[in-house]
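A.B. asks: Have a look at this one.
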Amino acid sequence: MTKKEIVRQISERLDLTQLKTKEIVQQTFDAIVKTLLEDGRIELRNFGVFEVKRRKARKARNPKTGEKVDVPPKNVVTFKPGKEMEERVRQMTNVPYLADDEEQAVGAEVGNGRSAHDDGVKKTPRPRARKTS
């Protein structure tokens, strides 16, 4: 879903113009960013918590050359969903599987070698599209 689609849905529900709704949505996003920049944390009840954290410097490897490189420390935004969102997401049944490369990236991001979505249950991978010439 894109911001444009969010604006369209909200404008239809509230019977507002898309232009006015877009302004409201953008102001909301801007307020979230401003709060993160000023306070480093914003808690939205029944939704979740956005927080700025400092990622430590680390050694990494260039996948093309195998050369070791230094990755400097950096600030990242984390999101922890609220209980209500967690529960509603757990009940979803139409969630697409991640592609293998996406799942590995998520697992690496989590930092434990497992996917963030790995619940210990072995899942059947999606069939890959065949290339046709």
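The values are calculated or read from the model by the stated rules, or taken from the named source; none is laboratory data. Because the structure is predicted, anything quoted here is derived from the model rather than measured. Neighbour counts run over all protein chains shown; Cβ positions are idealised from the backbone, glycine included.
A quick yes/no check of all residues on (1) in contact with a strand residue (DSSP E or B) (Cβ under 9 Å, 6 or more places away or on another chain); (2) modelled with pLDDT of 95 or more:
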{"position": "T17", "(1), (2)": "no, yes"}
{"position": "K22", "(1), (2)": "no, yes"}
{"position": "Q26", "(1), (2)": "no, yes"}
{"position": "E38", "(1), (2)": "no, yes"}
{"position": "F50", "(1), (2)": "yes, yes"}
{"position": "N94", "(1), (2)": "no, no"}
{"position": "Y97", "(1), (2)": "no, no"}
{"position": "E109", "(1), (2)": "no, no"}
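A.B. asks: Going through segment 1-45 one residue at a time, which ones are closer than 21 Å to F79 by Cβ and basic (K, R)?
C.D. replies: Correct list: K3, K34, R41, R45.
A.B. asks: In this structure, does E51 turn out to be surrounded by 11 or more Cβ atoms within 10 Å (Cβ to Cβ) and in contact (Cβ under 8 Å) with a residue 12 or more places away in the chain?
C.D. replies: So E51 fits the description; yes.
A.B. asks: Might you let me know whether segment 68-84 holds any residue that is assigned to a helix (DSSP H, G or I), surrounded by 12 or more Cβ atoms within 10 Å (Cβ to Cβ) and either in contact with a Pro (Cβ under 7 Å, 6 or more places away or on another chain) or not aliphatic (A, V, I, L, M) (or both)?
C.D. replies: Within segment 68-84 (the criterion being assigned to a helix (DSSP H, G or I), surrounded by 12 or more Cβ atoms within 10 Å (Cβ to Cβ) and either in contact with a Pro (Cβ under 7 Å, 6 or more places away or on another chain) or not aliphatic (A, V, I, L, M) (or both)), the answer is yes, since at least one residue qualifies.
A.B. asks: Okay, next question. Looking only at segment 29-42, which residues are under 18 Å from the mean Cα position of the chain (by Cα) and of a type outside the set (D, E)?
C.D. replies: Correct list: F29, I32, V33, L36, G40, R41, I42.
A.B. asks: Hey, another quick one. Just give me the residues in segment 36-48 being touching a residue at least 12 places away in the same chain (Cβ under 8 Å) and surrounded by 11 or more Cβ atoms within 10 Å (Cβ to Cβ), in sequence order.
C.D. replies: L36, G40, L44, F47, G48
A.B. asks: Condition first: over 26 Å from E87 (Cβ atoms), of a type in the set (G, A, S) and in a strand (DSSP E or B). Can you find one or more residues in segment 31-51 that meet it?
C.D. replies: The answer is no, given that none of the residues of segment 31-51 is over 26 Å from E87 (Cβ atoms), of a type in the set (G, A, S) and in a strand (DSSP E or B).
A.B. asks: Can you work out which of the residues in segment 54-67 that are surrounded by 10 or more Cβ atoms within 10 Å (Cβ to Cβ) and without any contact (Cβ under 8 Å) to a residue 12 or more places away in the chain is farthest from T28 (Cα to Cα)?
C.D. replies: Among those residues, the one meeting the criterion is R61.
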